[in-house]
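In what follows, a single structure is set out as structure tokens and then discussed.
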């Protein structure tokens, strides 16, 4: 981890190791491809057992109340941001535009110096690795809630849109 200065703004630069990330992804039961640029790490994730659905569900659907009450991670459906983390999620689609059982997960490597996780926990590489692993396990076991917006589509539960989403 490094502290950088960009003009008047101070940034935390995370030095995430691709091998460590790939190992965590495999431990959690996913296959992945990793792309890296200067500001983020992008993982395209698919379950190793293709018949297992990813538990990315619509938080607004009353039928999903049981999942919602025990979930640990929430995704802003308008931006794809995993709330209170340096991560974001997007759906994977096939060549015809249909949803696939997979997600793209981005991890920001540059964060504002004042960025803190819930409970005022400081951000370090080890904390991001733990968050990543916990998010991946949640996608397979306990569920991740998509809250509002049409950008991120649910992959589990009732996935078709019916009526108003008030």
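The values are calculated or read from the model by the stated rules, or taken from the named source; none is laboratory data. Every value quoted in this text rests on a predicted model; they were computed, and no experiment measured them. All Cβ positions, even for glycine, are placed from backbone atoms using ideal geometry, and neighbour counts span all protein chains on display.
Observations on the structure shown:
- Residue match in region 128-137 (condition: out of contact with any helix residue (DSSP H, G or I) (no Cβ under 6 Å at 6 or more places or on another chain) and at positive phi): no
- Of 100, 104, all but one fail to be in a strand (DSSP E or B), farther than 20 Å from residue 142 by Cβ and modelled with pLDDT of 95 or more; the exception is 104.
- Number of the exception - residue 67 against (1) modelled with pLDDT of 95 or more; (2) over 19 Å from residue 39 (Cβ atoms): (1)
- Selection status of residue 85, part of a loop (DSSP other than H, G, I, E, B), in contact with a helix residue (DSSP H, G or I) (Cβ under 8 Å, 6 or more places away or on another chain) and closer than 26 Å to residue 118 by Cα: yes
- Take the conditions (1) closer than 30 Å to residue 3 by Cβ; (2) buried (at least 20 other Cβ atoms within 10 Å of the Cβ); (3) free of Cβ contacts under 8 Å to residues at least 60 places away in the same chain; residue 81 misses just one of them, which is (2).
- Taking the listed residues 147, 92, 71, the one that is out of contact with any helix residue (DSSP H, G or I) (no Cβ under 6 Å at 6 or more places or on another chain) and under 22 Å from residue 18 (Cβ atoms) is 92, with no other qualifying.
- When the residues of region 1-31 are filtered to those that are part of a helix (DSSP H, G or I), surrounded by fewer than 16 Cβ atoms within 10 Å (Cβ to Cβ) and touching a strand residue (DSSP E or B) at 6+ places or on another chain (Cβ under 9 Å), the one that is modelled with the lowest pLDDT is 18.
- For region 50-64, the tally of residues that are modelled with pLDDT of 85 or more and out of contact with any strand residue (DSSP E or B) (no Cβ under 8 Å at 6 or more places or on another chain) stands at 0.
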